[in-house]
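Remarks on the structure that follows.
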Amino acid sequence: MAELTNHLYSIIYPTHALIASQLNPTDFGKHYAVGSAKHFNGKVVFVEVDTSLESEYLSLPEIWAEVRPHEDGTPKRTKFVSNYRVLENIPMDKFRDMYLVTVDGHSLRLEKSAYTTINEPGLIRIFQQLNPIQMLVASNLDQRNFGDYYTLKNKNKGCPKLCYTQIRLSIDEFERCYNDPEHFEMAFPNIPNNKLYECIRELQDKPTKKSKTISIASIFHHLHYKSIRHGFWIAGDGQLIFYPLPSNKDLREKHYRWYKSA
């Protein structure tokens, strides 16, 4: 029997847990989504963490001593390390690749990369914060400055580290359709169009305003992965990690099973 390898996974969504496991990322994603009695009925997003991580808060030496195969040789699937303050206690250089898991357990790996894009200024963007805050936010900030704002400059609403994504929405199209309600459906699940419209108008009227909260509750559970624009970011310590989402063409041609499942 091949020797089992220890792994460390930070769950970004739906929980905020750090989990040790002897399953590889693909098998872990399938187990977490559909193979466990504790599974969550929905999408799962997690990031692999370097097992060299050291943290007094997380007490990993005691955890690793308990991560060993069962008597029948099957791997230890999950050993919870912590359910609280996980992201802030992981140094930025310890984050590895991200995995997006569909409801039926198919995983898509997003490679960790630097974010070097020069963003167009003056646009209103919609961000879904995922971990540890889960607010839906409209913002006049671009992707990089949004992360800096919530991890470095906004102590009242921010946090030491933040994972977030951008949600697809054409502001111009939304405003055009808003004035023709007979032919317009809700832009986002459980978000009244008038609430979204008011948030957008306030940002347009006050271009120096950084952000406006649309909802204090996440709508990520209700969205398809195709609703994501660009990918995911983790901001913290003045740094930014980017996990780019492949194009639809690449998803269809190279990751068809995941694409069809998603």
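The values are calculated or read from the model by the stated rules, or taken from the named source; none is laboratory data. This one's a predicted model, so the numbers in the text were calculated from it and none came from an experiment. Cβ atoms come from the backbone with ideal geometry, glycine included; neighbour counts cover every protein chain shown.
Scanning region 163-186 for residues that are more than 25 Å from the chain's Cα centre (by Cα) and within 20 Å of H230 (Cα to Cα) turns up D172, E173.
Any residue that is surrounded by 14 or more Cβ atoms within 10 Å (Cβ to Cβ) and modelled with pLDDT of 95 or more - is there at least one of those in region 51-62? Before you say what the answer is, go through the steps one by one.
Our first condition is that a residue be surrounded by 14 or more Cβ atoms within 10 Å (Cβ to Cβ); within region 51-62, this holds for 51, 53, 55, 58, 60.
In the following step, the residues that additionally are modelled with pLDDT of 95 or more were identified as 51, 53.
Checking region 51-62: at least one residue is surrounded by 14 or more Cβ atoms within 10 Å (Cβ to Cβ) and modelled with pLDDT of 95 or more.
The set of residues from region 175-220 being buried (at least 16 other Cβ atoms within 10 Å of the Cβ), part of a helix (DSSP H, G or I), touching a helix residue (DSSP H, G or I) at 6+ places or on another chain (Cβ under 8 Å) and touching a residue at least 24 places away in the same chain (Cβ under 8 Å) comprises L196, I200.
If you check F220, F232, which single one turns out to be under 26 Å from N190 (Cβ atoms) and in contact with a Ser or Thr (Cβ under 6 Å, 6 or more places away or on another chain)?
Numbers: F220 fails: in contact with a Ser or Thr (Cβ under 6 Å, 6 or more places away or on another chain).
Sole residue among the options that is under 26 Å from N190 (Cβ atoms) and in contact with a Ser or Thr (Cβ under 6 Å, 6 or more places away or on another chain): F232.
Filtering region 221-241 to residues that are within 18 Å of V44 (Cα to Cα) and either outside any strand (DSSP E or B) or of a type in the set (A, V, I, L, M, F, W, C) (or both) leaves H221, H222, L223, H224, Y225, K226, S227, I228, F232, W233, I234. Only residues that are closer than 14 Å to L8 by Cα and basic (K, R): list them for region 60-109, please. Those that are closer than 14 Å to L8 by Cα and basic (K, R): R68, K76, R77, K79, K94, R96. Out of all the residues in region 92-112, which are of a type outside the set (V, I, T) and either without any contact (Cβ under 8 Å) to a residue 60 or more places away in the chain or farther than 25 Å from E54 by Cβ (or both)? Scanning region 92-112 gives D93, K94, R96, L100, D104, G105, H106, S107, L108, R109, L110. Scanning region 128-167 for residues that are of a type in the set (K, R) and surrounded by 14 or more Cβ atoms within 10 Å (Cβ to Cβ) turns up R144, K157, K161. Go through (1) assigned to a loop (DSSP other than H, G, I, E, B); (2) touching a helix residue (DSSP H, G or I) at 6+ places or on another chain (Cβ under 8 Å) and name the single condition V81 misses. Of the numbered conditions (1) assigned to a loop (DSSP other than H, G, I, E, B); (2) touching a helix residue (DSSP H, G or I) at 6+ places or on another chain (Cβ under 8 Å), the odd one out for V81 is (1).
Which residues, taken from region 226-257, are aromatic (F, W, Y) and surrounded by 19 or more Cβ atoms within 10 Å (Cβ to Cβ)?
Restricting attention to region 226-257, the residues satisfying the condition of being aromatic (F, W, Y) are 232-233, 242-243, 256.
Answer for region 226-257, where residues must be aromatic (F, W, Y) and surrounded by 19 or more Cβ atoms within 10 Å (Cβ to Cβ): F232, W233, F242, Y243.
Do we have any residue at all in region 101-116 that's closer than 30 Å to P207 by Cα, surrounded by fewer than 18 Cβ atoms within 10 Å (Cβ to Cβ) and out of contact with any strand residue (DSSP E or B) (no Cβ under 8 Å at 6 or more places or on another chain)? Taking every residue of region 101-116 in turn, at least one turns out to be closer than 30 Å to P207 by Cα, surrounded by fewer than 18 Cβ atoms within 10 Å (Cβ to Cβ) and out of contact with any strand residue (DSSP E or B) (no Cβ under 8 Å at 6 or more places or on another chain).
Checked across region 71-85, the condition of being buried (at least 21 other Cβ atoms within 10 Å of the Cβ), within 21 Å of I234 (Cα to Cα), within 21 Å of the chain's Cα centre (by Cα) and not assigned by TED's automatic domain parsing to the domain that holds K226 holds for at least one residue. For the residues L162, L130, L141, L152, the requirement of being touching a Lys or Arg at 6+ places or on another chain (Cβ under 7 Å), closer than 20 Å to F242 by Cβ and not basic (K, R) singles out L141. Of all residues in region 148-169, none satisfies being without any contact (Cβ under 8 Å) to a residue 60 or more places away in the chain and among the hydroxyl-bearing types (S, T, Y).
Exactly one of (1) at pLDDT 95 or above; (2) under 27 Å from Y259 (Cα atoms); (3) in contact with a Leu (Cβ under 8 Å, 6 or more places away or on another chain) is unmet by T213. Its number? Here T213 clears every test but (2).
Of all residues in region 71-81, one or more are β-branched (V, I, T) and either in contact with a Cys (Cβ under 9 Å, 6 or more places away or on another chain) or at pLDDT 95 or above (or both).
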